[in-house]
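**Student:** Pasting in a structure now, in structure tokens, and then I'll have a few things to ask.
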Amino acid sequence: MAHKSVNHQASLIAGVVLSLLCAGGVYYGLSSTVVEVTKDDLGLPPLEISTPKLVAERKAGEPEKRSTTHETALVQSIYRLHQLQFGDPNPDTVEEAAFELMHNVNELALAYGSYRHILHAVDPVIHGCQNALEEVQSGLKSGSMSVEALKTAEAPGLDEYKKTCGSVYPILLQLKLVDEKGIWSDPNAPIIFSILNRLRMAALSEDRIPATELLTPYEMEILYLWRFHSPAFSSEDKMQFAQMAERDLPGTLAEEWIAQVAYESGDMARARDFYQEACKKRKGDKILERKCRLADTL
């Protein structure tokens, strides 16, 4: 994880406290159905997102009772720390704000009996940032705002962006989700950002619960598949992501992901070798076996 591009995603999580940043684990299990496998199947699955499924999973798990007092305190402390990402704040002030934030995280967990409700509690921050980002992009498109102005956020009309997002736009540029004119890189980019935005909020629980555990299973699939497709990450980064995917997405094989990434990049020898490794690990997977036989012909 020492690569520069991986550090960029860590910076996104830092949007709250110095805030992170996926491949749908497509499980090719045992199948009695004969499925034709072509060379197109040796590469990465396309990144196709079902918004209804995404929304339905996110709604699940809401606490039965909400504590407005604790949620408001947490949201306000996030706003404060976001705003301290601009200018040249006193280090003691930042430390105090970070301590206050974690205190409010713990108080909320005590009120709800779990750290798992953080994403529901900070919904105003998540949606507020998405709305503020749209305003920023409109300003960039019209020319009334510049990326340079976003670094200091001294331009008029950026109060909501500073409060709800922190200094997030430069990170989105590094991740190639947007450009300097405010244009999303592709139709899926806004959804990817929404997942990353939730992930950085989930990171508030990191010392108790891994942030990735607070995302829905479908969000994790989308996030990994985006990582494997994204030009923002190197082949070495993607090998690391493959190992992480095997841990985070039940039923996936790191070797298969590496094989798919290699095939996409045109490295047929590597694709062939890793497909064979995948087949050794998962004997009896009929579809994977067909892919391995086809990979042998590369």
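The values are calculated or read from the model by the stated rules, or taken from the named source; none is laboratory data. No experiment lies behind these values; they were computed from the predicted model shown. Cβ placement follows ideal geometry from the backbone for every residue including glycine, while neighbour counts extend to all protein chains displayed. What goes into the accessible areas is simple: the full protein's heavy atoms, side chains included, and nothing from ligands, DNA or RNA. Shrake-Rupley method; radii C 1.70, N 1.55, O 1.52, S 1.80 Å.
**Student:** Looking at ILE191, ILE195, ILE183 in this structure, which one is over 20 Å from PHE86 (Cα atoms) and open to solvent by less than 20 Å² (accessible area, probe 1.4 Å)?
**Tutor:** None of the other options fit; the residue is ILE195.
**Student:** Considering only segment 285-297, state which residues are under 33 Å from the mean Cα position of the chain (by Cα) and surrounded by fewer than 20 Cβ atoms within 10 Å (Cβ to Cβ).
**Tutor:** Those that are under 33 Å from the mean Cα position of the chain (by Cα) and surrounded by fewer than 20 Cβ atoms within 10 Å (Cβ to Cβ): LYS286, ILE287, GLU289, ARG290, LEU294.
**Student:** Any residue in segment 268-297 that is assigned by the TED database to the domain that holds GLU255 sitting within a Cβ distance under 6 Å of a residue that is open to solvent by 40 Å² or more (accessible area, probe 1.4 Å) and of a type in the set (Val, Ile, Thr)? List the pairs, counting only those 6 or more apart or interchain.
**Tutor:** Note: pairs meeting the criteria are ILE287/VAL35.
**Student:** Can I ask one more? Taking LEU150 as the residue in question, decide whether it is crowded, with 16+ Cβ neighbours inside 10 Å and over 24 Å from GLN76 (Cβ atoms).
**Tutor:** no
**Student:** ALA232 is checked against (1) assigned to a helix (DSSP H, G or I); (2) closer than 24 Å to THR51 by Cβ; (3) in contact with a Lys or Arg (Cβ under 9 Å, 6 or more places away or on another chain) and fails just one. What number does that condition carry?
**Tutor:** That leaves (1) as the condition not met.
**Student:** Right, something else. With SER230, SER185, SER194 as the choices, which residue is modelled with pLDDT of 95 or more and touching a strand residue (DSSP E or B) at 6+ places or on another chain (Cβ under 7 Å)?
**Tutor:** SER185
**Student:** Is there a residue in segment 122-138 that is among the aliphatic types (A, V, I, L, M), at pLDDT below 90 and open to solvent by less than 60 Å² (accessible area, probe 1.4 Å)?
**Tutor:** no
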